[in-house]
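Asks: Just passing along the structure, written as structure tokens.
Throughout, read-outs are computed from the coordinates displayed, never taken from laboratory work. Note that the coordinates shown come from a computational prediction; the quantities given were computed from them, not determined experimentally. Neighbour counts are summed over all protein chains in view; Cβ atoms, including those assigned to glycine, are modelled from backbone coordinates with ideal geometry.
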Amino acid sequence: MAKRPWKYWSPTFQADTVCPMNPVWPWGGHRRFAYDLVRWMRPARVAELGVHWGTSFFTFLQAVKDGRMAATEVVGVDTFEGEDHAGHYGPEVFDTVNRIIAESFPKQQIRLHKSLFCDALPHVADESVDLLHIDGLHTYDAVSEDFETWLPKLAPEGIILFHDVAPGTGYGSSEFWKELSEPPTPRSPSTTRGVWACSSRRGIPACGSCDRSASKTRSLSTPTSLAPSGPSSRSATSPAWPTNAPRASASRAR
Ligand SMILES: C[S@@+](CC[C@H](N)C(=O)[O-])C[C@H]1O[C@@H](n2cnc3c(N)ncnc32)[C@H](O)[C@@H]1O
């Protein structure tokens, strides 16, 4: 991953013209961070598990578009039917997502898989995803399976974002993250790749997340000590996460 300074952008999120609730929806508070992250990373491929109305999906796309990352592919996977946590919904969601793509991101490289996460696996090459966002069903078993099955898709210096994993969400995803991030770490041999990040609930910066007041967070040491140890990994003295890490998640985040 190229070393470049972290910048704080002030983007206009075009999807908001169709979905004006984006800023206050559960992922809304993480958008500025995610946008800055994509601008900083310049990933070749972003993959998202759980698109729904696209608050996060269109954040990634906005950064790709504004950053003129013409070769970057953004892959979104969702049944577009919902589940017990997100709620069950009809075809209007998929239609709206496609409408926003057509109106605001016609030139971006986008693949939407209207399928189960597992059914999209054969369509994404191993070690090809620079930024993976896991935001499906938030039970422990579901997040665990999404992580285990998609981890091989992660590029050697890739980053995974997990949503709804901060303490106190009441979701199994928080429990999963707790296990994943507490030392001793390795759940599988593959944890030697990438760094871990999460977008936290209620504005609580969690492991590898973002906050200018980094002294109150576990910002750098945790992800670097968690993950890199393989040949392509960075050492603990060469952290992959930017040291001038950006703003904290907004307080209206879920
Ligand atoms: C929490 S929502 C995603 C929220 C979205 N990232 C955002 O920014 O608002 C979870 C979505 O994951 C989808 N989903 C959950 N489990 C899935 C699975 N195993 N395969 C495909 N889609 C799934 C649901 O249909 C739902 O739309």
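Asks: Here are some conditions: (1) of a type outside the set (A, V, I, L, M, F, W, C); (2) crowded, with 18+ Cβ neighbours inside 10 Å; (3) away from the ligand (no atom under 12 Å from the Cβ); (4) in a loop (DSSP other than H, G, I, E, B). Asp16 meets all but one. Which one does it not meet?
Replies: (4)
Asks: Mind telling me which of the residues Leu131, Leu121, Leu112 ends up being over 25 Å from Glu179 (Cα atoms) and either out of contact with any Asp or Glu (no Cβ under 6 Å at 6 or more places or on another chain) or part of a loop (DSSP other than H, G, I, E, B) (or both)?
Replies: Leu112
Asks: Here's another thing I want to ask about it. Restricting to segment 123-137, and then to whatever is more than 18 Å from Val38 (Cα to Cα) and among the small types (Gly, Ala, Ser), can you tell me which residue is surrounded by the most Cβ atoms within 10 Å (Cβ to Cβ)?
Replies: Applying the filter and picking the extreme gives Gly136.
Asks: Same structure again: Going by the conditions given, is His52 of a type outside the set (A, V, I, L, M, F, W, C), out of contact with any Asp or Glu (no Cβ under 9 Å at 6 or more places or on another chain) and surrounded by 21 or more Cβ atoms within 10 Å (Cβ to Cβ)?
Replies: When the stated conditions are applied, His52 does not pass them.
Yes or no, residue by residue, for (1) crowded, with 20+ Cβ neighbours inside 10 Å; (2) not in a loop (DSSP other than H, G, I, E, B):
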site	(1), (2)
Pro23	no, yes
Arg31	yes, yes
Tyr35	yes, yes
Trp40	yes, yes
Pro43	yes, no
Phe58	yes, yes
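Asks: Right, Glu145: within 13 Å of the ligand (Cβ to nearest atom) and within 26 Å of Glu179 (Cα to Cα) or not?
Replies: Values: within 13 Å of the ligand (Cβ to nearest atom): yes; within 26 Å of Glu179 (Cα to Cα): yes.
It is true that Glu145 is within 13 Å of the ligand (Cβ to nearest atom) and within 26 Å of Glu179 (Cα to Cα).
Asks: Right, another one. Would you point out the residue of segment 69-85, among those that are in contact (Cβ under 8 Å) with a residue 40 or more places away in the chain and assigned to a loop (DSSP other than H, G, I, E, B), that is nearest to the ligand (Cβ to nearest atom)?
Replies: Ranking the candidates gives His85 first.
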